[in-house]
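Shown next, in C-alpha cells, is the structure this report addresses.
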Amino acid sequence: MARLALVTSNTFNRQDERLCLEAKGHLVSYKQDVARALETILSDPPDLLIIEKGLERNLDREVIAALKNNLQLALMPIILVVSERDIATGLDWDAYSVDDVISSQATIEELLTRIELSLARAHRVADNNPLTKLPGNSSILKSIQNMLDEQADHAVCYVDIDNFKPYNDKYGFSRGDEVIRMVGRILVNVVQEHCGSNGFVGHVGGDDFVFHVPNNEAEPVCQDVINNFNALIPLFLDEDDIEAGYFTSTDRQGNERRFPLTSLSIAVVPCEPGKYSHYGQVAATAAKLKKKVKALEGSNYFIDRRSGY
Amino acid sequence: MDKAEIRKRLNDIQSLPTLPPIVSKLNEMVADEEITAVKLGKVIEKDQVLTSKLLKMVNSSFFGFPQRISTVSNAIVLLGFNVIKTLIVTSSIFEVMQASDVGLFEHSLGCATACGIIAKLRQIKNPEEVSTAGLIHDLGKIVIRSELPDEYEAIVEEAEEKGLYMRQVEKERIGFGHGEIGGILARQWNLPERLVFPIEYHHKPEQAPDFKEIAAIVHFSDILIRALGFGSGGDPWVPALDHAAWERIKLTKSQMKEVIAELDEKLMELQDFTLEIKLDG
C-alpha cells in the first residue's frame with residue numbers, strides 16, 4: 001500500500017482506473033491544479049508522484065525541479081505522463097529529472113506495474129534517516145570517499161547537539177525528535193543556500209550529523225548554522241529554563257544535576273587535496289577535535305588547523 | 001448556509017489567494033541570482049496570506065514542528081530558500097483585485113506594526129510573534145472574501161447600511177464571525193495557540209483561554225490603526241475598546257505619545273511599499 005498523488009488533466013482518472021488503484025490498496029489523491037497540488041505535496045509528501053507533462057503555465061517543470069532539488073524529497077519517485085508524440089520525438093531529460101515515464105494512452109495495468117517498480121526501486125536505494133529524511137551512513141561514507149578520491153578541496157564537518165540525552169530525559173522524546181529535525185533543516189538550508197549542489201548533508205543517527213562543503217565556505221556555513229540554531233532553540237525550551245540559564249535532569253549515573261542549555265558543536269576537518277586518502281582518517285581527526293569543541297561553553301565550531309595528517 | 005456547511009468549506013480550503021502585485025514583486029525577486037531567503041521574508045511578512053501559508057507549512061506534519069513556529073523569520077530558517085521559492089511561484093492570486101482587498105492588506109500591515117511597537121514597549125520577549133498575530137488577525141475576512149464572495153459583498157453592504165459591525169452581520173448571515181473563522185482555520189493549520197487565540201478573540205480578548213496579553217495588544221492595535229485611518233477593515237466603524245483588556249496593557253499618556261510617534265514614522269515608511277502595491281494593481 002502506498003500514498004500516491006496524481007496530478008493530471010484527467011488522465012488515469014476514470015472511475016474504473018480509480019477502482020483499480022484502490023483495489024491494489026493505494027491511497028490516491030487526485031489533483032488538476034499544479035499549484036494547489038504542490039502545496040499539499042510539500043507539506044505532506046506522498047510516496048510517489050504521477051504528474052502529467054504540459055500542465056498550466058509549464059509549472060510541471062518548475063515543480064519537478066523543486067522537488068528533486070529538495071534534499072529531503074529528492075528520493076520521492078516521480079512518474080511523468082507524456083503523449084505518444086513526446087515518446088516519438090524524445091524529451092530533454094535534464095529538464096525533466098523524473099524517475100520514470102508513461103504514455104497517457106497506457107493501460108491501467110502498465111501504470112500499476114510502473115508504480116510497483118518505482119516504489120520498489122525507491123525502497124532499495126533509501127538508507128535515509130526516517131526522522132529527518134536525510135541520507136544515512138552508507139551514503140555519507142560514499143559521499144566523503146568520493147570527495148577525497150576526486151581531490152575536491154572540501155571540509156568535512158561533524159555536528160552534534162550538546163547535552164541531548166538529558167534534554168530528551170527532561171522534555172521527552174517527541175520534543176527531542178523536533179530538535180533533531182530542526183538541526184537537520186537548518187543544516188540542509190544553510191548548506192544549500194551557500195553551496196547549492198556542491199554541498200552534502202547526512203544524518204549519522206541520533207543527534208549526530210555530518211556535512212561537507214567547499215573549504216572556503218566552511219566557516220561562513222558554520223557561523224550561519226550556529227546563529228540559526230541559537231535563534232530557534234529557545235522555542236524548544238521552557239521559559240523557566242531559559243530564564244534560569246540551565247535545566248535540571250539526570251546524568252548518565254542517574255544523579256540529578258544542572259545542565260547548560262542545549263547548544264551545538266561542530267568539528268571541522270579541512271581536507272586539502274591529498275591530505276587524506278581514506279574516510280577513516282578524517283573520522284579519526286574529527287574524534288580528537290570533537291573533544292576540544294565540546295569542552296567549550298555554548299554553541300561553537302572548531303577548525304582543525306594542523307597541516308598534514 | 002449553516003454552520004456545518006461552513007465548517008466543511010473551511011476544511012476543504014487548500015490555499016488562499018493574495019494580491020497580484022505582491023506575488024509579481026516576489027516572483028521578480030526570486031529571478032534575481034543574489035536574492036536570499038531573508039530578503040524574501042521581509043516582503044512575505046508584510047502580507048497576511050503568504051505569512052499564514054508559510055506558517056501553515058512549517059507547522060505541518062511533514063516539517064514536523066506542530067504548533068511551534070509563530071514568526072516568518074523562524075519559518076524561513078526551517079523551510080529554506082527552495083521551499084519558499086516554490087511557494088511563491090505557485091501561490092494563487094485574486095483574479096480581480098478590489099479596493100477593499102488593498103484596504104484590508106493595509107489594515108493588517110498597520111495593525112502588525114502597531115502590535116510590534118507596543119509589544120516592544122511592554123518588553124515582551126518575542127515582539128515579532130505579536131506582530132505576526134496582528135498581521136493575520138483578520139484572516140477570517142480573507143476566507144469569507146475568497147470562499148463566499150457573494151456573502152462577503154452582502155455583509156459589507158449590510159454593515160454599512162444598518163450601521164453594524166462586520167462581525168455582527170457575519171454571525172447573522174453565516175453563523176460565525178471572522179475572528180472565529182480565522183481561529184478555526186489557524187487551528188486546522190496547526191498554528192501555535194499563541195497565534196490562534198489572539199486571532200479568534202481579537203474582539204473579546206479577555207475571553208481568550210490563554211495568551212490574553214497578546215490578544216489584548218492585537219485588540220487595541222486593531223482599534224488604534226482604524227482610528228488613524230490607515231487601510232480599511234471592511235466596515236467604516238471603529239470597534240469599541242474592551243476595558244478589561246485596556247486595563248491589562250494600559251499605556252501611560254507619555255507611552256501612548258511614544259507609540260503614536262513611532263507608529264507615524266513606521267507607517268510613513270510603509271507607504272512607499274503600499275503605494276507600489278496599489279499602483280501595480
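What the table shows:
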| quantity | calculated |
| --- | --- |
| The stretch A:66-80: number of residues that are of a type in the set (A, V, I, L, M, F, W, C) and either over 19 Å from A:SER139 (Cβ atoms) or over 11 Å from the mean Cα position of the chain (by Cα) (or both) | 6 |
| Number of positions in the stretch B:53-74 that are within 17 Å of B:THR86 (Cβ to Cβ), within 12 Å of another protein chain (Cβ to nearest Cβ) and in contact (Cβ under 8 Å) with a residue 40 or more places away in the chain | 3 |
| Yes/no for B:GLU153 being over 19 Å from the mean Cα position of the chain (by Cα), surrounded by 17 or more Cβ atoms within 10 Å (Cβ to Cβ) and among the acidic types (Asp, Glu) | no |
| Selected residue (criterion: nearest to the other protein chains (Cβ to nearest Cβ)) from residues of the stretch B:89-128 that are among the aliphatic types (A, V, I, L, M) and surrounded by 20 or more Cβ atoms within 10 Å (Cβ to Cβ) | B:ALA119 |
| Which listed residue, of A:LEU67, A:LEU27, A:LEU42, is modelled with pLDDT of 80 or more, over 24 Å from A:SER103 (Cβ atoms) and facing chain B (nearest Cβ under 9 Å) | A:LEU42 |
| Qualifying residue in the stretch A:82-100 (condition: surrounded by 15 or more Cβ atoms within 10 Å (Cβ to Cβ), hydroxyl-bearing (Ser, Thr, Tyr) and closer than 30 Å to B:LYS56 by Cα) | yes |
| Unmet criterion (only one of (1) modelled with pLDDT of 95 or more; (2) over 30 Å from A:LEU55 (Cβ atoms)) for B:LEU139 | (2) |
| Helices (runs of 4 or more DSSP H) enclosed by the stretch A:152-241 - at least 3 residues per element that are surrounded by fewer than 17 Cβ atoms within 10 Å (Cβ to Cβ) and not small (Gly, Ala, Ser) | A:173-195, A:218-232 |
| Checking A:ALA35 against (1) outside any loop (DSSP other than H, G, I, E, B); (2) away from chain B (no Cβ under 14 Å); (3) farther than 25 Å from A:ALA126 by Cα, the condition it does not meet | (2) |
| Yes/no for A:GLU110 being of a type in the set (Asp, Glu), part of a helix (DSSP H, G or I) and either modelled with pLDDT of 85 or more or in contact with a strand residue (DSSP E or B) (Cβ under 7 Å, 6 or more places away or on another chain) (or both) | yes |
| Flag for A:LEU21 being among the aliphatic types (A, V, I, L, M), surrounded by 15 or more Cβ atoms within 10 Å (Cβ to Cβ) and either within 13 Å of another protein chain (Cβ to nearest Cβ) or not in a helix (DSSP H, G or I) (or both) | no |
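The values are calculated or read from the model by the stated rules, or taken from the named source; none is laboratory data. Being a predicted model, the structure only gives us computed values, none of them experimental. Using ideal geometry, Cβ is built from the backbone for each residue, glycine included, and neighbour counts are taken over all protein chains shown.
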